[in-house]
Amino acid sequence: MRTTKVVETDPRSERLYTRSFVILLATQTCYGMAFSTFFLLPKYLEAVLHATEVQIGTVSAVGAIAGVISFPLVGVLNDRFGRRRFMLLGATLVTLTALVMLRLTTVDSALYAARLAQGMSFALLFNSATTLMSDRVPAEKLGVALGVFGSSMLVTNALAPALAEFVAAHYDWHVVFSIAAAWGVLSMVLCLLVHEDPREVSGENAWAQSYALTRSPRARVAVLSIAGAGAGFGVVFTFHQPYALRVGITHVSGFFVAYAVTALFGRMVLLRHIDRMDRRTICAVSMFVYALAVMAAAWLRPGLLEAIGFVLGLAHGVLYPVFNALAIHGVAPAQRGSMMALYHGGFNGGMAVALLLGGSVVEAFGYPTLFVGTGALTALTSLLVWRSPALLDVR
């Protein structure tokens, strides 16, 4: 059987902040400014298009579903053909999404198509960029490296919604989406400057490699567990906006700022002190804190929104990179793209299911029931992480 040979530079011989790494960070940051603008999409749907809770949940779920479908495919393509070309495709799709939003006036098929393209763009760029970065980092530094790399996206999680809300209030939403398109174009340009080591690719069946991972108990438990976190993340990020408007909170970008600031603290400061601890314990504890933040949204009122973002950001800032490192540890380089895809796809899968059901739950039982129920599910998932022998830290 022919195998896939990846020609890579020894990661131990390189500094973390090389020229190519910095360009990769800049590429993802510009993409993140375009992508994170859409975090305010639920507010836009509620305030401008007058969408129902079911429509808001469904439109949001389409993006997550696109990730569920795209991440495994992107992982296989990354392992088979490389990373850089798919980053460029992702940047192109998010740019087109922003341009389509300029012409929409109602919740229709074009909106769902745009949301689908946006979800696919994230899978393409984020999985490809993260995998390209992980090619150069030794296992013992992977948790910190993932935290540093993911911080560029966290910065945009705060800046883009704050900028979008300011621009929408002082100008209009057309300007918001025009700015998002400009960020997307800049990301496309930077993609052309990203360096990727040459790959000697053969006819190895990448689909078989990816399928082999799904038979691993460690991979299955990791995907199921991160799906629980994805459900909590999706419900809070999406439904806090229409709920906030209902309880008299008109400015919601403070949530994203608080979330991003504490997530950055978790990754850039806290993670450096705890990454050598048992990763399974770290993940279980941070996921339980995650669950508390989700449940707290049931009692949303003025002044509490930022506090929820604060707690959620701290938990997510630690959980996502540490759990990512726990899931990918021991995976062969030729399968890293596939494992990254399963991990990110699991997160998006949990988010998609929660969002698809969330609108109906709200209409039938109210927002508090949705937040408490989803938070309880995430708490149960933290127990799975804590007790599962498949997730033992094998460093």
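The values are calculated or read from the model by the stated rules, or taken from the named source; none is laboratory data. Here the structure is a predicted model, which is why all the values come from computation and not from measurement. We place every Cβ from the backbone using ideal geometry, glycine too, and count neighbours over all the protein chains shown.
Would you say residue 133 is hydrophobic (A, V, I, L, M, F, W, C), part of a helix (DSSP H, G or I) and crowded, with 24+ Cβ neighbours inside 10 Å? Talk me through it step by step, then tell me what you get.
Working: hydrophobic (A, V, I, L, M, F, W, C): yes; part of a helix (DSSP H, G or I): yes; crowded, with 24+ Cβ neighbours inside 10 Å: no.
Taking the combined requirement at face value, the residue does not satisfy it.
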Can you run down the residue pairs with Cβ atoms below 7 Å, 6 or more apart or on separate chains, where the first is in the range 85-97 and farther than 15 Å from residue 26 by Cβ and crowded, with 19+ Cβ neighbours inside 10 Å and the partner is of a type in the set (Val, Ile, Thr) and modelled with pLDDT under 95? 86/74
Among the helices (runs of 4 or more DSSP H) contained in the range 51-123, which hold 2 or more residues that are more than 22 Å from residue 186 (Cβ to Cβ)? 53-81, 109-122
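Quick check on residue 74: is it crowded, with 24+ Cβ neighbours inside 10 Å and either free of Cβ contacts under 8 Å to residues at least 60 places away in the same chain or under 22 Å from residue 134 (Cβ atoms) (or both)? First the steps, then the outcome.
Details: crowded, with 24+ Cβ neighbours inside 10 Å: yes; either free of Cβ contacts under 8 Å to residues at least 60 places away in the same chain or under 22 Å from residue 134 (Cβ atoms) (or both): yes.
So residue 74 fits the description; yes.
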Taking interchain pairs and intrachain pairs at least six residues apart, which have beta carbon atoms under 6 angstrom, with the first residue in the range 100-111 and at negative phi and the second among the aromatic types (Phe, Trp, Tyr)? 101/177; 102/177
Check off (1) part of a helix (DSSP H, G or I); (2) at pLDDT 75 or above for residue 251 and give me the number that stays unchecked. (1)
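Could we say that residue 64 is in contact (Cβ under 8 Å) with a residue 12 or more places away in the chain and under 19 Å from residue 174 (Cα atoms) here?
Numbers: in contact (Cβ under 8 Å) with a residue 12 or more places away in the chain: yes; under 19 Å from residue 174 (Cα atoms): no.
No.
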Residues (under 17 Å from residue 150 (Cβ atoms) and out of contact with any Ser or Thr (no Cβ under 9 Å at 6 or more places or on another chain)) located in the range 337-355: 343, 347
Subset of the range 292-309 (residues that are in a helix (DSSP H, G or I), farther than 19 Å from residue 265 by Cα and small (Gly, Ala, Ser)): 296, 297, 298
